[in-house]
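Some notes on the structure that comes next.
The values are calculated or read from the model by the stated rules, or taken from the named source; none is laboratory data. As the structure is a computational prediction, the values presented were derived from the model and not from experiment. Neighbour counts are summed over all protein chains in view; Cβ atoms, including those assigned to glycine, are modelled from backbone coordinates with ideal geometry. We work out accessible area using only protein heavy atoms, side chains counted, and drop any ligands, DNA or RNA first. Shrake-Rupley method; radii C 1.70, N 1.55, O 1.52, S 1.80 Å.
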Amino acid sequence: MFYGINALVNFLCCYIGLIFLLICAALLALKQLTETTDNIYRYVLLQKLGAKRRQINRTLFVQTAVFFAIPLAIAGTFAAFLIGKAMIVVEEFMNIHISTNIGLTIILFLFVYGRY
């Protein structure tokens, strides 16, 4: 009974976390897209001043990458610390080895976030 409830709670937490991740990524993408379309005249002006289309596209790519990478880096720092502590507590008191599950969850998280 305990393991069933524990599995259900873990599944719900992962599901809700994934939903929040997708919502946050959608909001970040929408904000970035609206900023780009609002400033399109500036990119046209840069082209008129002599910047090549490749340079402008690279600048937009770097800006978007930084915009998505900074929240990921901050969350990753906190998560690494908290996951390490949680693994110690769970493995010590419950005798359950969760490191494989955590690794798969992190890979899934990075895949979904990177894909978005």
- prompt: So which trypsin sites (Lys or Arg not before Pro) in the range 20-95 are both in a DSSP loop and have at most 12 other Cβ atoms within 10 Å of their Cβ?
  reply: Lys52
query: What accessible area per residue comes out for the chain, rounded to a whole number of Å², with a 1.4 Å probe?
result: 81 Å²
query: With r defined as the distance between the Cβ atoms of Ala29 and Ile98 and R0 fixed at 30 Å, what FRET efficiency is calculated, to the nearest 0.05?
result: 0.40
message: Please report the carbon-and-sulfur percent of the accessible area for the range 2-55; probe 1.4 Å, protein heavy atoms only, DNA, RNA and ligands left out.
response: 73 percent
- prompt: Considering only Thr64, Gly84, Ile19, whose Cα is most displaced toward the positive end of the charge dipole of the chain, charges sitting on Cβ of Lys, Arg (+1) and Asp, Glu (-1)?
  reply: Thr64
- prompt: Between the range 1-77 and the range 84-108, what is the C-alpha centre distance in whole Å?
  reply: 27 Å
query: Each residue of the range 60-72 in order: what ³J(HN,Hα) in whole Hz does its phi give by Karplus 6.51 cos²θ - 1.76 cosθ + 1.60, θ = phi - 60°, with x for Gly and Pro?
result: 5, 5, 5, 4, 5, 4, 5, 4, 8, 7, 5, x, 5
message: I'm spelling it out carefully: the read-out is Cα Rg over 2.2 N^0.38 Å, the candidates are (1) 1.07; (2) 1.63; (3) 1.52, and one was derived from this structure. Which label?
response: (3)
